[in-house]
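One structure is given here, and the rest of the page talks about it.
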């Protein structure tokens, strides 16, 4: 047995096999893409999967030193066609949804992937065939299948829960003042001085408010079943309602108004340090802190 010859052949095979596999993957991806491109009506979702295979094949070729300009060009062209098909699919769904809402006497604004109905926003992810309702930046639902009935049913539920939420600003302001005041006392005792401008982080205040609302049953036996939830979208909605009404809280005969401090960019990028408070369906601001003024 000629071991030297065998080693030489094995080395050649080790060098050639990855290139062969890469070329085979590229050829297979191109055949699949061409089949889809030849259909009378372009099917966006299968095209998206085929595009992924083309992109992976192109990367594999580059990794083996066989970069192919023709494959790159074909991938770019197929990618553009795929995106156009996805856009068309999104617009068709949006048209159907708009017609369904208009049949109920409601107006749908915006264009895919963002649609607006009243103050609620629907974000469409056509590639995942999912859509999700938001109030401001707060997710109201999990990603939902692109079913007209399901999307509209979820809208009705969230409209009732959020937009038709009862305005209880006096109670809300009393609770948020108590949470703010508790934190102010805790921080003053710890640091030996009051926080600058009497400002307390808004998210921290929200967390304190939630704890303050727990009843004795929870503190006697803390568990998920005894926890009284106060979801963040409801907190945001209550902030909006309190600001709209200009309500105040009376403490020791003095009226105090809630003031929110605008967040810096670094705070706005962190949901644990700021809260987006909507002024309209798509407009609003990030706020980082809260205080009360006479």
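Considering 30, 45, the condition of being touching a residue at least 60 places away in the same chain (Cβ under 8 Å) and either in the same structural domain as residue 131 (by TED's automatic domain parsing) or out of contact with any strand residue (DSSP E or B) (no Cβ under 8 Å at 6 or more places or on another chain) (or both) is satisfied by 45 alone.
Counted as qualifying within segment 191-273 are no helices (runs of 4 or more DSSP H), as none has 3 or more residues that are surrounded by fewer than 18 Cβ atoms within 10 Å (Cβ to Cβ), in the same structural domain as residue 158 (by TED's automatic domain parsing) and in contact with a strand residue (DSSP E or B) (Cβ under 8 Å, 6 or more places away or on another chain). Taken over segment 157-190, the residue count meeting the criterion of being under 17 Å from residue 249 (Cα atoms), within 29 Å of the chain's Cα centre (by Cα) and part of a helix (DSSP H, G or I) is 7. Look at (1) at pLDDT 95 or above; (2) farther than 30 Å from residue 42 by Cβ; (3) buried (at least 19 other Cβ atoms within 10 Å of the Cβ) and you find that residue 169 fails only one, number (1). Against the numbered list (1) within 24 Å of residue 135 (Cα to Cα); (2) modelled with pLDDT of 90 or more, residue 243 comes up short only at (2). Within segment 279-289, at least one residue is touching a residue at least 24 places away in the same chain (Cβ under 8 Å), more than 28 Å from residue 116 (Cα to Cα) and in contact with a strand residue (DSSP E or B) (Cβ under 8 Å, 6 or more places away or on another chain).
The values are calculated or read from the model by the stated rules, or taken from the named source; none is laboratory data. Not measured: the values here are computed from a predicted model. Every residue, glycine as well, gets a Cβ built from its backbone with ideal geometry; the counts of neighbours run over all protein chains shown.
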